[in-house]
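A.B. asks: So that we are looking at the same thing, I have put the structure below in structure tokens.
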Amino acid sequence: MEVRRTALAGVLTFHPTPHRDERGLFTRTFDAAIAAEHGVVFGPLTQDSQSRSEPGVLRGLHGRTGEGESKLVRVAAGAVLDVVVDARTGSATYGQHVAVVLDDTDFTALYIPAGCLHGFQVLGDRAADVAYRIDRPHDPSEDVGVRYDDPDLAIAWRQGTTLLSPRDAAAGSWADFVARDHVARRSASSAPES
């Protein structure tokens, strides 16, 4: 399994080697030892989830407040354009993004550190099954979102979007997210120590 760095610090892609024959294929989709060599350590299995999205669906951009959550994302069927936005305050690449195609041909997985926003768009004309492994239980009260087509982020989605959730359609701007982030940091730094 080959591991590659992206333009965002800590965001990695894992490239397995599928073994194919007349029966189909077999591939290892995760190897804890290889991940640990690159600083990715998941404790005991916390939560695995899977979504199925129809053609034209775009999900995101989603993130978490508090401690955030790290995740390993891969596609079990179909193809998506997976996008990560660096929302880690103090990061040299704050506000920048990377886009990676994940599909059921080469089974590349994408590691997303805590503090990043994540979204994806289904590519092609068939549904996509996206599998997620996260490092702590999901808490809906910590959900945050930024509009997928925010002009400040200038993400080049590959296809027209025909279906968004009401939550994603109503997501705020990157500028609003940044302003809330700065207010939260000021509040935390001025809170009295106990």
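A.B. asks: Just to be sure, is A9 buried (at least 19 other Cβ atoms within 10 Å of the Cβ), out of contact with any Asp or Glu (no Cβ under 6 Å at 6 or more places or on another chain) and hydrophobic (A, V, I, L, M, F, W, C)?
C.D. replies: No, not satisfied.
A.B. asks: Right, here's the next one. Scan A87, A33 and give me the residue that is of a type in the set (A, V, I, L, M) and modelled with pLDDT of 90 or more.
C.D. replies: The match here is A87.
A.B. asks: Determine, yes or no, whether A175 is of a type in the set (G, A, S), assigned to a helix (DSSP H, G or I), farther than 25 Å from T46 by Cβ and modelled with pLDDT of 95 or more.
C.D. replies: yes
A.B. asks: Restricting the search to region 95-112, which residues are assigned to a loop (DSSP other than H, G, I, E, B) and more than 28 Å from F26 (Cβ to Cβ)?
C.D. replies: Of everything in region 95-112, those that are assigned to a loop (DSSP other than H, G, I, E, B) and more than 28 Å from F26 (Cβ to Cβ) turn out to be G95, Q96.
A.B. asks: Quick one: which strands (runs of 3 or more DSSP E) lie wholly within region 1-78 and hold at least 1 residues that are closer than 23 Å to A127 by Cα and touching a Lys or Arg at 6+ places or on another chain (Cβ under 8 Å)?
C.D. replies: It comes to 12-15, 47-53, 58-64, 71-77.
A.B. asks: Could you tell me which numbered condition R126 fails, if it satisfies all but one of (1) out of contact with any Leu (no Cβ under 9 Å at 6 or more places or on another chain); (2) crowded, with 18+ Cβ neighbours inside 10 Å?
C.D. replies: Going through the list (1) out of contact with any Leu (no Cβ under 9 Å at 6 or more places or on another chain); (2) crowded, with 18+ Cβ neighbours inside 10 Å, R126 breaks only (2).
A.B. asks: Working carefully through the options G63, G56, G78, find the one that is of a type outside the set (A, V, I, L, M, F, W, C) and under 15 Å from the mean Cα position of the chain (by Cα).
C.D. replies: G63
A.B. asks: Quick check on my filter: what residues within region 80-123 are over 30 Å from R20 (Cα atoms), out of contact with any strand residue (DSSP E or B) (no Cβ under 7 Å at 6 or more places or on another chain) and surrounded by fewer than 20 Cβ atoms within 10 Å (Cβ to Cβ)?
C.D. replies: T89, G90, S91, A92, A114
The values are calculated or read from the model by the stated rules, or taken from the named source; none is laboratory data. What you see is a predicted model, and the numbers here were worked out from it, not measured in a lab. Note: ideal-geometry Cβ built from the backbone for every residue, glycine included; neighbour counts use all protein chains shown.
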